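The values are calculated or read from the model by the stated rules, or taken from the named source; none is laboratory data. The structure displayed is predicted, hence computed values, not measured ones. Counting neighbours? That spans all protein chains shown, and the Cβs are built from the backbone with ideal geometry, glycine included. Quick note on the areas: whole protein, heavy atoms, side chains included, nothing else; ligands and nucleic acids left out. Shrake-Rupley method; radii C 1.70, N 1.55, O 1.52, S 1.80 Å.
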Amino acid sequence: MDEESELIQPQDQSCWATLPDVCLCRVFWWLGDRDRSRAALVCRKWNQMMYSADLWRYRTITFSGRPSRVHASEVESALWYVKKFGRYLERLEVKFLNPYNAVLTKKFQVTMRGLLSCLSKSNNRLKSLSIQHLELDRLVWRNSIRSSFIRSLSFFLKKMGKHLDYLNLKGARLTVEQGCHILDSLSHLRNENVISELNIEDYFSHHLAVYSSPQFKKTMSTFHNLVSLNLNYNCISDELLENLCENASTLWTINIKCHIHDPHGQVIWGMSWAKLARQATNLKVNFYFERIMKYERLARILLQEIPVRSISLRSCYFSDPDWSMRPTLTDLLPTFRHTLQKLTFEFNNNHESLDEELHLLIISCRKLFYFKIWAFLDVRFVERILKSQKERQCALRTLKFNTNTSSPAKAETADDLKAPGGFKALC
């Protein structure tokens, strides 16, 4: 009888009881908040696992911009999480999707005030904060609501700025005064901050010549530990580059967006870029152009002294019968043939054939490993690129294309194009 009970006991015992903590934590990691709360009621061990710091280090809180019952539960869930597990938080991302009216922006502002206040009291681990695409210059943000939110965020950054390593406020769309006020909070009672990654792309409203603001230049002088910086070209000035030179040993990446509606006619001296490139020996600069396609404008921005790693040119709805892409392909971009690694094109060239120019550009850029294009091309252009890669005339490893063709010849599909081994050709 004893032998039978010994044989039966292991079969009756659940495998969950002997599951290692590492595996159980992984299972909990995939569960939502509600399921975690229910699982914590099973036994003491599972309840202890519920309060494991590893489960609560990363958090994305999404607020809907439309009135619904779901929106109410989002607010309750966010506040519940911060009060109960906010002390474990290391990386926080907040999303507010296209607010519909001022009632929702007010509710978001009140919720964020409580959330940030609770975090500032209980948390000393937060390293990363991302609040993107708020678009605070929209009419749904009443002046009082916007001002209250800025005060709450500034107060939070004053207390937590000494811990933050990453800050992403992309798409906030503030005035220069408001934007600098928030960034200055990071260095409150200090002359510097510890931020290493800063994303202020579209942080200021369109049409603002931020590069001429003494306040912005003073604010940026407090960032002494930058490794990565995202911003718009309307923020670039000789003074900013000079500030970056002072602590350039850590700087690796600058991502610059240049939009047609942003002022981009300022004069930047090539020697300012050259000095920064000498100081920051590992610096790579990436440019993203939207609807800025004319050679004259591009040539004023893309100076030969810049260590350009990637360029993206997107025409969107740009249309000009007198415009030609050829000078950019033959005269401007080859200037960066020794540093250029990634190219992305999206333009309408139905009035001119550019197959030969594009092929020569790809071959001349010896470090170019990624090429993506959406344009009017002959299918034989892709075949030539694949042949050049096979014969090792270029360094391409990834080719993405979406071709439009007016040629009466039969268009081949991606399956018809044979790519060499280890090479991606995606249509």
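Of all strands (runs of 3 or more DSSP E) completely enclosed by the stretch 276-360, which ones contain at least 1 residues that are farther than 26 Å from Leu240 by Cα?
Values: elements: 284-290, 308-314, 342-346.
Qualifying strands (runs of 3 or more DSSP E): 308-314, 342-346.
Going by the structure shown, is Thr253 buried (at least 16 other Cβ atoms within 10 Å of the Cβ), touching a Ser or Thr at 6+ places or on another chain (Cβ under 7 Å) and among the β-branched types (Val, Ile, Thr)?
Taking the combined requirement at face value, the residue satisfies it.
Among what's in the stretch 205-218 and is hydrophobic (A, V, I, L, M, F, W, C) and under 13 Å from Cys180 (Cβ atoms), pick the residue that is surrounded by the most Cβ atoms within 10 Å (Cβ to Cβ).
Pass one, the stretch 205-218, residues hydrophobic (A, V, I, L, M, F, W, C): 208-210, 216.
Next, from what is left, pick out any that are under 13 Å from Cys180 (Cβ atoms): 208, 210, 216.
On the way: Leu208: 20, Val210: 27, Phe216: 23.
Looking at residues that are hydrophobic (A, V, I, L, M, F, W, C) and under 13 Å from Cys180 (Cβ atoms), I get Val210.
State all residues of the stretch 256-270 that are of a type in the set (A, V, I, L, M, F, W, C) and either surrounded by fewer than 19 Cβ atoms within 10 Å (Cβ to Cβ) or not in a strand (DSSP E or B) (or both); if no residue qualifies, say none.
Those that are of a type in the set (A, V, I, L, M, F, W, C) and either surrounded by fewer than 19 Cβ atoms within 10 Å (Cβ to Cβ) or not in a strand (DSSP E or B) (or both): Ile260, Val267, Ile268, Trp269.
Show the residue pairs that are 6+ apart or on different chains and have beta-carbon atoms under 7 Å apart, the first residue being within the stretch 29-55 and in contact (Cβ under 8 Å) with a residue 40 or more places away in the chain, the second being not β-branched (Val, Ile, Thr).
Here the result reads Asp33/Ser77; Asp33/Tyr81, each pair linking the stretch 29-55 to a residue that is not β-branched (Val, Ile, Thr).
Go through the residues of the stretch 193-202 one by one and say whether even a single one is open to solvent by 70 Å² or more (accessible area, probe 1.4 Å) and more than 21 Å from the chain's Cα centre (by Cα).
No, that holds for no residue.
Of the residues that sit in the stretch 1-19 and are open to solvent by 70 Å² or more (accessible area, probe 1.4 Å) and in a loop (DSSP other than H, G, I, E, B), which one is modelled with the highest pLDDT? Break it down into steps so the answer makes sense when it comes.
We begin by selecting, within the stretch 1-19, every residue open to solvent by 70 Å² or more (accessible area, probe 1.4 Å); these are 1-4, 6-13, 15-16, 18.
Those still in the list that are in a loop (DSSP other than H, G, I, E, B) too: 1, 13.
Numbers: Met1: 46, Gln13: 52.
If we take residues in the stretch 1-19 being open to solvent by 70 Å² or more (accessible area, probe 1.4 Å) and in a loop (DSSP other than H, G, I, E, B), then Gln13 is modelled with the highest pLDDT.
If I go through the stretch 219-250 residue by residue, how many of them are in a loop (DSSP other than H, G, I, E, B), touching a strand residue (DSSP E or B) at 6+ places or on another chain (Cβ under 7 Å) and open to solvent by 10 Å² or more (accessible area, probe 1.4 Å)?
Residues meeting the conditions: 2.
For the stretch 314-353, what are the residues that are more than 18 Å from Tyr288 (Cα to Cα) and in contact (Cβ under 8 Å) with a residue 40 or more places away in the chain?
Of everything in the stretch 314-353, just one residue is more than 18 Å from Tyr288 (Cα to Cα) and in contact (Cβ under 8 Å) with a residue 40 or more places away in the chain, namely Asn350.
What number of residues within the stretch 112-122 are more than 10 Å from Leu153 (Cα to Cα) and open to solvent by 10 Å² or more (accessible area, probe 1.4 Å)?
Looking only at that region, the number is 5.
State yes or no: is Trp46 at pLDDT below 85, more than 36 Å from the chain's Cα centre (by Cα) and among the aromatic types (Phe, Trp, Tyr)?
Considered against the rule, which asks whether it is at pLDDT below 85, more than 36 Å from the chain's Cα centre (by Cα) and among the aromatic types (Phe, Trp, Tyr), Trp46 comes out as no.
Out of (1) open to solvent by less than 40 Å² (accessible area, probe 1.4 Å); (2) touching a helix residue (DSSP H, G or I) at 6+ places or on another chain (Cβ under 9 Å); (3) more than 14 Å from Ile256 (Cα to Cα), what's the single condition that is false for Ser315?
So the condition that Ser315 fails would be (2).
State which residue is farthest from Glu135 (Cα to Cα) when the search covers only the stretch 154-175 and only residues that are out of contact with any strand residue (DSSP E or B) (no Cβ under 6 Å at 6 or more places or on another chain) and in contact (Cβ under 8 Å) with a residue 40 or more places away in the chain.
Looking at residues that are out of contact with any strand residue (DSSP E or B) (no Cβ under 6 Å at 6 or more places or on another chain) and in contact (Cβ under 8 Å) with a residue 40 or more places away in the chain, I get Met160.
If you check every pair at least six apart or on different chains, which have Cβ atoms under 6 Å apart with a residue in the stretch 132-153 that is under 23 Å from Leu186 (Cβ atoms) and open to solvent by 30 Å² or more (accessible area, probe 1.4 Å) first and a residue that is among the polar types (S, T, N, Q) and in a loop (DSSP other than H, G, I, E, B) second?
Filtered contacts from the stretch 132-153: Asp137/Ser205.
Looking only at the stretch 267-284, which residues are modelled with pLDDT of 95 or more and under 30 Å from Asp322 (Cα atoms)?
Ile268, Trp269, Gly270
Can you confirm whether Pro67 is under 30 Å from Ser144 (Cα atoms), in contact with a helix residue (DSSP H, G or I) (Cβ under 7 Å, 6 or more places away or on another chain) and open to solvent by 40 Å² or more (accessible area, probe 1.4 Å)?
On the way: under 30 Å from Ser144 (Cα atoms): yes; in contact with a helix residue (DSSP H, G or I) (Cβ under 7 Å, 6 or more places away or on another chain): yes; open to solvent by 40 Å² or more (accessible area, probe 1.4 Å): yes.
Spelling it out, Pro67 is indeed under 30 Å from Ser144 (Cα atoms), in contact with a helix residue (DSSP H, G or I) (Cβ under 7 Å, 6 or more places away or on another chain) and open to solvent by 40 Å² or more (accessible area, probe 1.4 Å).
Could you identify the single residue in Gly270, Gly265 that is of a type outside the set (Val, Ile, Thr) and over 23 Å from Lys342 (Cα atoms)?
On the way: Gly270 fails: over 23 Å from Lys342 (Cα atoms).
Residue meeting the stated conditions: Gly265.
Out of all the residues in the stretch 75-111, which are modelled with pLDDT under 90, crowded, with 18+ Cβ neighbours inside 10 Å and closer than 20 Å to Arg138 by Cβ?
Pro99
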